[in-house]
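**Q** Below: one structure in structure tokens.
Read-outs: derived from the displayed coordinates by stated rules, not from any lab. Here the structure is a predicted model, which is why all the values come from computation and not from measurement. Glycine also receives a Cβ, built like all others from the backbone with ideal geometry; neighbour counts cover every protein chain displayed.
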Amino acid sequence: MSEAPQPMEDHVLVEVTVPAPADAVWAALRDPQKIKQWFGWDADSLKDEIDFIFVTHAEADEARRVVTFVGVNDRYEVEAIGETTSLVRVVRSAPVGDWSDVFDGMIEGWISFTWQLAFAFARHPGETRRTLFFSGPPRGNQLGRSALGLDAAPAPGEPNAMPLGPDDASGQVWFVARHQIGVTVDAWGDGLLVVLDSPPKADKRPRGATMLTLTTYGLSDAAFADLEGRWQAWWDERFETADPHTG
């Protein structure tokens, strides 16, 4: 006798308020050129990833402003809150249960990217971003949030003026989640740093791992290269470099 199917329920993975009309936010989920300004980070594979996720493996309900991703039970929803504000959420249909202790790389990606979407609309609508990305395990036992002194960061929306890695940075806390934090950085053209820490896992990452995404706006080529050099040196001293998709 076959087993009865598990009962399913919707889990809201991330929900953010975006200061933009719902139609504009919906376009940012459907136009690959607009998706490029908030999804993931700059990489040779970014165009192919966007095409795979949002074009060839996505089903869009234009009337409801819902994008469902083929092969996974995840969907983006855009809800109008008046004429100039939207609610954006990622929802997963999954078995009933408590997810408060779950670490899932795909979930963490949705959290990071959705907050990056909100940041692009709130601070840099229509602007072009440039990003730096670092990923790998720590050489010691400090993951990214601790190494950057962000364990004691203020609450979301509060100013953040402590030194940040190799930079004396000021800005504010943009968001805080269980495994990650985002802080704005004035000196990067009002940029954004997202720090994602993966907890230790005996068979794949015994010391855990960290991913840093640095989003910048309006920096000259020289300033961007200088930023990359400073952060690469800081990273190499404290972390190894590894492909984030292998762990």
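**Q** Quick check on packing: order 201-207, 120-126, 53-59 by the mean number of other C-beta atoms within 10 Å, highest mean leading.
**A** 120-126, 53-59, 201-207
**Q** Just name one of Thr128, Ala155, Val55: the one whose Cα is farthest towards the positive end of the charge dipole of the chain (beta-carbon charges, Lys/Arg +1, Asp/Glu -1).
**A** Ala155
**Q** Averaging over every viewing direction, what projected area does the convex hull of the Cα atoms of the stretch 122-243 cover, in nm²? Mind showing how you got there, number by number?
**A** On the way: hull surface 30.3 nm².
Mean projected area for the stretch 122-243: 7.6 nm², to one decimal.
**Q** Given contacts defined as C-alpha pairs under 8 Å and at least six residues apart, what's the relative contact order of the stretch 26-87, whole-number percent? It would help to have the intermediate numbers written out before the result.
**A** Values: 58 pairs, mean separation 12.3, N = 62.
About 20 percent, as a whole number.
**Q** Taking θ = phi - 60°, what integer Hz values does the Karplus form 6.51 cos²θ - 1.76 cosθ + 1.60 yield along the stretch 199-210, in sequence order, with x for Gly and Pro?
**A** Once θ is set to phi - 60°, the couplings for the stretch 199-210 become x, x, 9, 3, 7, 10, 9, x, 9, x, 7, 10 Hz.
**Q** About its Cα centre, what dipole magnitude does the stretch 1-159 give when the only charges are +1 on Lys and Arg Cβ and -1 on Asp and Glu Cβ, stated in debye to the nearest 20?
**A** Values: 14 positive and 25 negative charges, 122 e Å.
Computed charge dipole of the stretch 1-159: roughly 580 debye.
**Q** Please enumerate, by chain and number, the lysines with C-alpha under 18 Å from the C-alpha of Lys204, excluding those fewer than 8 residues away in the same chain.
**A** List returned: none.
**Q** Which ³J(HN,Hα) values in Hz, rounded to whole numbers, follow from the phi angles of the stretch 154-167 under the Karplus curve 6.51 cos²θ - 1.76 cosθ + 1.60, where θ = phi - 60° and Gly and Pro get x?
**A** Once θ is set to phi - 60°, the couplings for the stretch 154-167 become x, 6, x, x, 8, x, 10, 10, 7, x, 10, x, x, 10 Hz.
**Q** Grab the DSSP H runs of the chain that are 4 residues or longer, score each as -39,500 (n - 2.57), total them, divide by all residues and round the 222 nm result to the nearest 500 deg cm²/dmol. List each step's numbers first, then the result.
**A** Values: 6 runs with 59 residues, N = 247.
The helix contribution divided over the chain gives -7000 deg cm²/dmol.
**Q** Right, next: Looking at the stretch 117-235, send over the antiparallel percent of its DSSP beta bridges, to the nearest 5.
**A** So the antiparallel bridges amount to about 100 percent of the total.
**Q** So how do Ile50, Ile107, Ile35 line up by other beta-carbon neighbours within 10 Å, fewest first?
**A** Details: Ile50 17, Ile107 20, Ile35 23.
Going from sparsest to densest Cβ surroundings: Ile50, Ile107, Ile35.
**Q** Relative contact order of the stretch 13-149: what whole-number percent is it, with Cα pairs under 8 angstrom and at least 6 residues apart? Don't skip to the answer; put the middle values down first.
**A** Numbers: 172 pairs, mean separation 45.8, N = 137.
Answer for the stretch 13-149 is 33 percent.
**Q** Which cross-chain or sequence-distant (5 or more) residues have an amide H under 5 Å from the amide H of His11, H modelled 1.01 Å from N in plane?
**A** Correct list: Arg92, Ser93, Ala94.
**Q** Under 8 Å for C-alpha pairs, at least 6 residues apart: give me the relative contact order for the chain, rounded to a whole percent. Intermediate values should be presented prior to the final figure.
**A** Values: 443 pairs, mean separation 45.8, N = 247.
The value is 19 percent.
**Q** Find the centroid of the Cα atoms in the stretch 189-247 and in the stretch 140-166, then give the distance between the two in whole Å.
**A** 14
**Q** Further question on the same structure: Excluding residues fewer than 8 places away in the same chain, name every one of the lysines whose C-alpha is closer than 18 Å to that of Lys36.
**A** The qualifying lysines are Lys47.
**Q** Determine, at each q value in 0.09, 0.20 (inverse angstroms), the log₁₀ of I(q)/I(0) that the Debye formula gives when each Cα of the stretch 1-126 is one equal point scatterer.
**A** -0.27, -1.21
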